[in-house]
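Undergrad: The structure's right below; bear with me while I get my questions together.
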Amino acid sequence: MTQAAQAVQSVDTLATSTEPVEAPRTFDSLNPRTGDVVASHPIHTAADVEAAVARARTEAAWWSALSYDERAEHLRQWRGTLARRMAQLAEVMHQETGKPHSDAMLEIALAIDHLAWAGGHAEKVLKRRRVPAGLLMANMAASVEYRPLGVVGVIGPWNYPVFTPMGSIAYALAAGNAVVFKPSEHTPGIGEWLAATFEGTVGRPVLQCVTGLGETGAALCRSGVDKVAFTGSTATGKRVMAACAENLVPVVIEAGGKDSLIVDEDADLDAAAEAAAWGANANAGQTCTGVERIYVHEKVYEPFLTRLVEATSKIRVDDSIDSQIGPITMPSQLDVIRRHITDALDRGGRAVLGGADAVGERYVQPTILVDVPEDSEAVQEETFGPTVTVTKVRNMDEAVALTNATRYGLGNTVYSAKNGVGIADRIRSGMTAINSVISFAAIPALPFGGVGDSGFGRIHGPDGLREFTYAKAVARQRFKPLMALSSFNRTEKQDQQLASTMMMMHGRASTLPKK
Ligand code: NDP
């Protein structure tokens, strides 16, 4: 039973009781490796969330009035705290998600790198800059700057509970906003840790954390925040959008994916197999940009598959401290993984590694499926487990067509010696890695986000900074115009001059030969 269901059950039990008791005010986070309670956390109500947002307004006024340099210095201090206390945060992550300690350390390292980039580049990307006013408005000086929105609500998932929300938090803070963060009910301690270290370092709660279940997230959407940055499933993303639409609150939606890895005939097969094994199984496959489908040129299909099975079968998965991947964090996901594997096998697919029995009570052994029909769940739906389908294709046209034939469009990987960029250009997705896997996420200057059911809006990079701002345009008259266009005193002669100018500037366009 999920924690949400447990809480609902507790409420039901209380509702039928004759004792006048209050609804539960806390929920437990559980260690998915053992089922033990890690800690109890408050279930923040709508009133609690509104109070946090009201506090954030005050903080936003202070924070946005600082210079870029002052904010960058505060963020630099916080990142120093994160770097010094990495091991402590990694332990909380290990406890709450079950992921190996070393994976948690890697995740924090990447988040720190993004924080450094966001703090260091905010001024360059957002400060007021001149733009050309154009010939008609040559008497004007035009400029644009990107101003903070105010208070940003961040709703995060549990799978990368530091890296993923920090993709919004770091960029929103660097752009001058205060942030109220609602972490997943599975990883509340991580959210509290981040907010506490921020306040401990900066001395003010510009970043706050509210905890609870889905209702707390829904309350954040309705709390009067100026934007919501949501990362999670497509289904919840739609609910978040609907709640935000009530008050015209803009949203960034970073949702699920069904990313493919394409292997061309000229690819380095050892490197491709190694990348595929890691991309499909790291974090127990619970990665939004994880490799879930592989399309391989028929000329190299067999040698690639042999290498992939070999690399994948070496991955250690057990409940020991040396396990290379952890358990499935959310117990209900085990049913989804089992269903996708069973459906694939029932429909003519074969497991060349793992299979239906690979799904245990907490852990799933890596599974490689071949000959799986393209319209099956294992190919079309996000599995979020250490499973992958491998499909032979005649050429790269077919690989691209099949890659594009899902409703998702988050990331992809291409292995090819010569044609990587050409193949990447034809894929409908927000990000493609060539001869590497998921590398785009670790490059702070690159935008991160998807198309279709993978969502919209971008975190990371200049786009990620601008996502948490609004553009403020200013047009200033430098001298009186030769032609006073915006005046009732415009003369017929001036209208004629305007028409002649238009003819000179654009009239020839229509005489150009049609292509
Ligand atoms: P969910 O959609 O279940 O939850 C995401 C967050 O939304 C959680 O904090 C959750 O709270 C909250 N929430 C739930 N219901 C509501 C609601 N009605 N209103 C507002 N907030 C709500 O996703 P998961 O946590 O299971 O994360 C896994 C998903 O995230 C996968 O689909 C994965 O692909 C995607 N993801 C996408 C990434 C990207 O950048 N594109 C990166 C990482 C993950 P609670 O947990 O308390 O219910």
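No value in this document is a laboratory result; all are computed from the given coordinates. None of these values were measured; they are calculated from a predicted model. Here the Cβ is made from the backbone with ideal geometry for all residues, glycine too, and neighbour counts use every protein chain on show.
Undergrad: Past the 17 angstrom mark, what percentage of all C-alpha to C-alpha distances in the stretch 289-378 do you count?
TA: Values: 2145 of 4005 pairs.
Roughly 54 percent, once rounded to a whole number.
Undergrad: Using only the Cα atoms, work out Rg/Rh for the stretch 420-486, with Rh taken as the Kirkwood radius, to two decimals. Working shown, then result.
TA: Numbers: Rg = 19.5 Å, Rh = 15.3 Å.
Ratio of gyration radius to Kirkwood radius for the stretch 420-486: 1.27.
Undergrad: Based only on other Cβ atoms within 10 Å, what is the fewest-to-most ordering of K299, K472, K480? Show your work: numbers first, answer last.
TA: On the way: K299 14, K472 11, K480 7.
Listed from fewest to most nearby Cβ atoms, that is K480, K472, K299.
Undergrad: Within the chain, what percent of beta bridges assigned by DSSP are antiparallel, to the nearest 5?
TA: Numbers: 24 of 62 bridges.
Counting DSSP beta bridges with both partners in the chain, the antiparallel share is about 40 percent.
Undergrad: Around T391, which amide H atoms from residues at least 5 apart in sequence, or from another chain, sit under 5 Å from its own amide H, with H modelled in the peptide plane?
TA: I294, Y295, V296
Undergrad: Can you tell me the convex hull volume per residue for the stretch 131-249, based on C-alpha atoms, in Å³ to the nearest whole number? Let's see the in-between values first.
TA: Numbers: hull volume 17.0 nm³, N = 119.
In the stretch 131-249, the Cα convex hull volume per residue is 143 Å³.
Undergrad: So what is Rg over Rh here for the stretch 367-448, counting just Cα atoms and using Kirkwood for Rh? Present the calculation step by step, with values, prior to reporting the outcome.
TA: Details: Rg = 13.2 Å, Rh = 13.8 Å.
With Rh from the inverse mean 1/r over Cα pairs, Rg/Rh is 0.95.
Undergrad: Sticking with this one: Which value, in nm² and rounded to one decimal, describes the direction-averaged projected area of the C-alpha convex hull of the stretch 15-165? Can you show the working numbers first?
TA: On the way: hull surface 58.9 nm².
That works out to 14.7 nm².
Undergrad: So, by mean Cβ neighbours within 10 angstrom, what's the order for 489-502, 216-229 with the highest one leading?
TA: Values: 489-502: 11.3, 216-229: 23.6.
Per-residue Cβ counts within 10 Å, averaged per peptide and sorted highest first, yield 216-229, 489-502.
Undergrad: Summing Lys, Arg as +1 and Asp, Glu as -1, what charge do residues with Cβ under 11 Å from the Cβ of G237 carry, G237 excluded? Kindly include the intermediate steps, with their values, before the conclusion.
TA: Working: positive: K238, R239; negative: E254, D453.
So the environment of G237 carries a net charge of 0.
Undergrad: Rounded to a whole number of µm²/s, how large is the Stokes-Einstein D of the stretch 181-332 at 4 °C and 1.567 mPa s, given Rh as the Kirkwood radius over C-alpha pairs? Each step should come with its number before you reach the end.
TA: On the way: Rh = 18.6 Å.
Stokes-Einstein gives a translational diffusion coefficient of 70 µm²/s.
Undergrad: Checking a compactness column here: for the chain, what do you get for Rg(Cα) / (2.2 N^0.38 Å), N being the number of residues? Write down the numbers at each step before the final one.
TA: Working: Rg = 26.1 Å, N = 515, 2.2 N^0.38 = 23.6 Å.
Ratio of Rg to 2.2 N^0.38 Å for the chain: 1.11.
Undergrad: In debye, nearest 20: dipole of the stretch 383-471 around its Cα centre with unit charges on the Cβ of K, R (+) and D, E (-)? Don't skip to the end; give the middle numbers.
TA: Working: 8 positive and 6 negative charges, 33 e Å.
Approximately 160 debye in magnitude.
Undergrad: Once you list every other residue whose beta carbon is under 11 Å from the beta carbon of G212, what net charge do they have if Lys and Arg are +1 and Asp and Glu are -1? Intermediate results must be reported in sequence, preceding the final value.
TA: Numbers: positive: R25, K182; negative: D48, E185, E215.
Value of the local net charge: -1.
Undergrad: Here is a follow-up. Exposure proxy check: S429, S436, S67 ranked by fewest other beta carbons within 10 Å? Could you put the intermediate results ahead of the total?
TA: Numbers: S429 24, S436 15, S67 9.
Final ranking by Cβ density, sparse to dense: S67, S436, S429.
Undergrad: Which of H44, H460, H121 has the fewest other C-beta atoms within 10 Å, and how do the rest follow up to the most? Provide the component values of the computation, followed by the final result.
TA: On the way: H44 23, H460 26, H121 20.
Neighbour counts put them in this order, fewest first: H121, H44, H460.
Undergrad: Counting only other residues whose beta carbon sits under 11 Å from that of V291, what net charge do I get with K and R as +1, D and E as -1? Can you show the working numbers first?
TA: Values: positive: K258, R293; negative: D259, E292.
Taking every other residue near V291 into account, the sum is 0.
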